[in-house]
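Read-outs: derived from the displayed coordinates by stated rules, not from any lab. Predicted model only: the values in this text are computed from it and were never measured. Here the Cβ positions follow ideal geometry from the backbone for every residue, glycine too, while neighbour counts run over all protein chains shown.
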Amino acid sequence: MARHPGPALVVAAVLWGAAGLVSRAAPLPGPVLAFWRCLVGAGIYQGVLAARGRRPSWHDLRVAALGGIGFGLSVAFLFVAYKTTTLLSANVIACLQPLVLGLVAHRYAGRLDSVAWGATGAAALGTVIVVVGSSAHTGTWSLRGDLLAVAATAANVLYILGTKRAASEIGPLRFQAAMLWVAAIVVLPVAVATGGAELVPGAGGVVGVLALIAVGGSGHLVFSAAQRHVSVAASSSILLFEVIAVSVGAAIVFDQSITAVQALGMLVVTGSIAVWIARTGGEAAAVEPEPAPFGA
């Protein structure tokens, strides 16, 4: 993983794209699905840790708190967006975070060079092009869904920063377990307020939750392990490969066709990812300094 963080992040992006398809198909309201995904996932990972002799600790919860808050809010917003607007539109908006994280890295961990800014800007431009093409779909696109995806993007920035900070103190499995306990608490009030009679999932909902943990959860474990070896700007840019995975998956599963405009945007995104992957070999040996605490 340390020698090949770039390809590992591509694998995480593919798994997250597949998780988006699962969440859209699951017969549960978005916040309810997010809550059970967090709660059951936390229980499974904690069970694995317990089998290894590791008990829950307040230290792990404290270290994972920022990531858990960000993850809980991001999945609550994003799962609703998945069911409200086109799947591709929701995902590409959620993947616009590299520019934000580039600014955060610029403020807290030193300057990005011109090549890094160029690759990050090209990736963001490519996602915008794909969104423009996606909004041409009739019947399923919605401004409300896209705005929820924007909110998910802001929350996901906290998740990525939280993952990066926790990587120096606890391993991926401990982080995922602790982070998901925090996320479940964050999502619970929203799930209760919106779930109604569907708060307790039926058989189909249980299958959807378990499938989401198996696919998306695996992606998050891979991401947590790879994130410690690269900068936040690099990881967030490479994760834009999720755009490609989602577009192909949505075309196959939900018949959301890929337009020429979207194809152009995907080519731009792919090119920028290739630049970042080429740079991650050096980053794996010399990762940027950890971001300082906010307000420091």
**OP:** Give the whole-number value, in cubic angstrom per residue, of the convex hull volume spanned by the C-alpha atoms of segment 3-81.
**Re:** 129
Original post:
How about segment 1-89: which trypsin sites (Lys or Arg not before Pro) there are in a DSSP loop, with at most 14 other Cβ atoms within 10 Å of their Cβ?
Top reply: R3, R52
Original post:
Given the Cα-Cα distance of I252 and R144 and 0.36 nm per residue of separation, how much length would full extension add, in nm?
Top reply: 36.4 nm
Original post:
Once fully extended, how much extra length lies between H4 and A260, figured as 0.36 nm per residue of separation less the alpha-carbon to alpha-carbon distance?
Top reply: 88.9 nm
**OP:** Using a Förster distance of 41 angstrom, determine the FRET efficiency expected from the C-beta separation of V128 and V206, and round it to 0.05.
**Re:** 0.65
**OP:** Would you please classify the overall shape of segment 1-47 from the alpha carbon gyration tensor, given that a ≥ b ≥ c denote the square roots of the eigenvalues, rounded means a/c under 1.5, and beyond that prolate means a/b larger than b/c while oblate covers the rest?
**Re:** oblate
Original post:
Taking +1 at the Cβ of each Lys and Arg and -1 at the Cβ of each Asp and Glu, which of H59, L9, P27 sits farthest along the dipole of segment 1-76 towards its positive end, judged by Cα position relative to the Cα centre?
Top reply: H59
**OP:** Work out the FRET efficiency for V11 and A193 from their Cβ-Cβ distance, taking R0 = 35 Å, and round it to the nearest 0.05.
**Re:** 0.50
Original post:
Any idea how far apart L61 and A278 come out in nm if each label point goes 7 Å out from Cα toward Cβ?
Top reply: 4.8
